[in-house]
Amino acid sequence: MKKLLPLAALLCGPAVAQTAPALDDPDLVGRYQATITPAELAGHLYVYADDFLAGRETGEPGQRFAARYLAGQYATMGIAPKGSGADNGNLGLDPYLQPFALEQSSLQRLTATVTRGGETVLTHVLAPDALGDVHLVPAYGQVEGAAAGPVVYVGEGSALGGLELGGAYAIMTPGADQGATRAALAAAGAAGVRAILLASAPTADALQRPAAGAFEAGRLSLPAVDGADDDGGGLPPILLTSRETVDALMTAAGIEAGGDTYPTGDTGLALAVNAEYETQTVMSENVVAFIEGSDLRDEFVVVSAHLDHVGDDGDGEDAIYNGADDDGSGTVTILEIAEAFQAAKENGHGPRRSILFLHVSGEEKGLLGSEYYADREPLVPIENTVTNLNIDMIGRYDPERGFDTTDYVYIIGGDLISQDLSDWNAAVNSATGTDLFLSDRFNSPDDPNQFFRRSDHWNFGKYDVPFIFYFTGTHEDYHGVGDHADKIDYERMARIGRLIFGTAWEVANRDERPAVSGVGFN
Ligand SMILES: [Zn+2]
């Protein structure tokens, strides 16, 4: 008679071995890095950047199909969903989606009246069929209601102290230094101005084009919710005006120019503006998939890229902005990274920390999808999100990079917020043989291009989540109709994908999370 096995031997297998960090076992990582291939990246990207997706404009059918293409890839790979409805047990694509509503507001009409001591100095109507003399064009934010306020001249805005700006309309004449103008706009906003009249054009005529543009496709934004601050960097509403109009107003106010400027201070004029908008709701969605970790499963590495682009402009021979590089390249690279992690997990080398694959929408409209995720519905806790690796445009060459090699990637973030993360990324690049030239050309909060806040990592960095933004720079087809899949360097893109995979592996499997050692961008 056969001897019975003790029950305990059936139930207790050996303890599951913890997967080693990349730097401890680069050969193991290399086995899965090798699954990230140029051919598979190209296979995805030629579909993803096809004309049929019509440039993946936020909220439009092409973008919404793009989200479902990605969800379908995760379902096929057997990678779990982590969207808003992921726990309802449904099959299909919905569990991968994180839907959110956007408000689209379109300018219908603007009326403005300038008075001096009760006498009307100027009345102005801006409507699609009334683009004659253009004096004021809404350019940023919304001027609410028909509120009247004093008009204060602030010059370049370099000395706002002592000026009474609460509730005022401030006339600002921008100088050549854009950084100084931005700072002045923010300072005026902080001082409580109702809006800025920015004299950005020489003549009223030069405002014709911006005026026509103001009535085109409406601005998308997240609907306001109580307690959430707007993420416009604290800028007040901005109305464009011309120096010609400013001169006319100052003449009406009886104020004489001193040289090519005017004395700062209250002009004695009052302005009432009423801008009417029509708003409608547009639905969009992020796509979220998930590989659960083992012993450190309650900490998370987020790998992100944006799934949307800027659509098409409806006429011309090739009017579609395909966005193969921006950001088809980052998008399909995440699919390959996810596939590599899934293969490792199936072979018993799953990550210790959990990994979230996050494809956000609305990036091109102001980082809206990542803002929604980070501020309103984080699907895993932000405080346990140990790193964000964000990928936006890694397929082309920057013609102005200033060095010869094409085997490079710009590393932005990294040491500015976490020296650990920066060091690990560089060490993985050497140890696993991806051997890219890691350029820090744009890695500065003072860089005039401001790339450090121009993609979705920003919405993690503002919560002190260490991040690296991987980027190969802009080029002649940036936000152009020529951003096509056949112009991508798939070999180099695969190498960058392998580096990001290796760095994600390192972060996911070390005992410690990367320490926040810098002030980041806050
Ligand atoms: Zn982009």
Under Karplus coefficients 6.51, -1.76 and 1.60, residue-wise ³J(HN,Hα) of segment 269-283 in Hz, glycine/proline x: 8, 10, 10, 10, 10, 10, 9, 9, 10, 10, 10, 9, 9, 10, 8
Carbon + sulfur, % of accessible area of segment 153-276 - ligands and nucleic acids excluded, 1.4 Å: 50 percent
Area of residue 68 that stays accessible when all protein chains are in place (1.4 Å probe, Å², to 10): 80 Å²
Equivalent ellipsoid, the chain (semi-axes from 5 times Cα gyration tensor eigenvalues, Å): 50, 23, 22
Radius of gyration and Dmax over the Cα atoms of segment 83-140, both given in Å: 23.3, 69
Between 0 and 90°, nearest 10: helix 243-253 axis offset from the chain longest Cα axis: 40 degrees
Calculated SAXS-style log₁₀ I(q)/I(0) at q = 0.12, 0.15, 0.21, 0.22 Å⁻¹ - segment 124-190, Debye, Cα scatterers: -0.39, -0.59, -1.02, -1.08
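Net charge within 15 Å of residue 291 by Cβ-Cβ distance, Lys/Arg positive one each and Asp/Glu negative one each, not counting residue 291 itself? Mind showing how you got there, number by number?
On the way: positive: 82, 297, 345, 352, 353; negative: 292, 295, 298, 299, 336, 339, 346.
Cβ neighbours under 15 Å give a net charge of -2.
Per residue, how much accessible area does the chain show when a 1.4 Å probe rolls over the protein heavy atoms, in square angstrom?
Value returned for the chain: 43 Å² of accessible area per residue.
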Cβ-defined net charge surrounding residue 33, 11 Å radius [Lys, Arg +1; Asp, Glu -1]: +1
Computed FRET value (nearest 0.05) for residue 247 with residue 147, which takes r as the C-beta separation and R₀ as 25 Å: 0.50
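On the accessible surface of segment 322-401, probed at 1.4 Å, how many percent belong to carbon and sulfur atoms?
Details: 740 of 1790 Å².
Accessible surface attributable to carbon and sulfur in segment 322-401 totals 41 percent.
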Accessible-area value, residue 478, 1.4 Å probe, nucleic acids and ligands omitted, Å²: 80 Å²
For segment 73-86, Karplus couplings with θ = phi - 60° (6.51, -1.76, 1.60), whole Hz, Gly/Pro x: 5, 5, 4, 5, 6, x, 8, 5, x, 9, x, 4, x, 5
Full-extension gain in nm, residue 108 to residue 125, via 0.36 nm per residue minus C-alpha separation: 5.0 nm
Karplus-derived HN-Hα couplings along segment 53-65 (A = 6.51, B = -1.76, C = 1.60, θ = phi - 60°), whole Hz, x at Gly and Pro: 8, 6, x, 6, 5, 3, x, 8, x, x, 5, 6, 5
Simple spin-label estimate for residue 51 and residue 235 in nanometres, 7 Å along Cα-Cβ: 3.5 nm
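Tell me what the chain gives for mean residue ellipticity at 222 nm when only DSSP H runs of n ≥ 4 count, each as -39,500 (n - 2.57), the sum divided by the residue total, rounded to 500 deg cm²/dmol.
Details: 12 runs with 130 residues, N = 522.
It lands at -7500 deg cm²/dmol.
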In Å, descending, principal axis extents of the Cα set of segment 301-357: 53, 17, 12
Segment 412-522 - percent relative contact order, Cα under 8 Å, separation 6 or more: 51 percent
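Once you have the Cα-Cα distance between residue 88 and residue 274, take 0.36 nm times their residue separation minus that, and quote the gain in nm to one decimal.
On the way: separation 186, 0.36 × 186 = 66.96 nm, distance 4.65 nm.
Result for the pair: 62.3 nm of gain on full extension.
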With DNA, RNA and ligands ignored, accessible area of residue 345 (1.4 Å probe; Å², nearest 10): 80 Å²
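Given C-alpha coordinates of segment 357-488, what is the ratio Rg to Rh with the Kirkwood estimate of Rh? Don't jump to the answer; show the numbers that get you there.
Numbers: Rg = 15.2 Å, Rh = 15.8 Å.
Ratio value, two decimals: 0.96.
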Amide H contacts under 5 Å for residue 109, placed H, 5+ residues apart: 276
Neighbour net charge for residue 386 - beta-carbon separation under 13 angstrom, K R +1, D E -1: -3
Approximate spin-label separation residue 205-residue 186, in nm, with each point projected 7 Å along Cα-to-Cβ: 3.7 nm
Residue order for 503, 474, 264 - accessible surface, 1.4 angstrom probe, largest first: 264, 474, 503
The chain: angle of helix 490-509 to the longest principal axis, Cα-based, in degrees nearest 10: 70 degrees
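Work out the length of the dipole vector of the chain about its Cα centre, built from +1 on the beta-carbon of each Lys and Arg and -1 on the beta-carbon of each Asp and Glu, and round it to the nearest 20 debye.
Details: 32 positive and 77 negative charges, 290 e Å.
The calculation lands at about 1400 debye.
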List 47, 114, ordered by accessible area with a 1.4 Å probe, largest first: 47, 114
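The values are calculated or read from the model by the stated rules, or taken from the named source; none is laboratory data. Treat the numbers as computed from the prediction; the structure is a model and nothing was measured. When we count neighbours, we look across all protein chains shown, and the Cβ atoms used for this are built from the backbone with ideal geometry, even at glycine. To get the accessible areas, we keep the full protein, side chains included, count just its heavy atoms, and leave off ligands, DNA and RNA. Shrake-Rupley method; radii C 1.70, N 1.55, O 1.52, S 1.80 Å.
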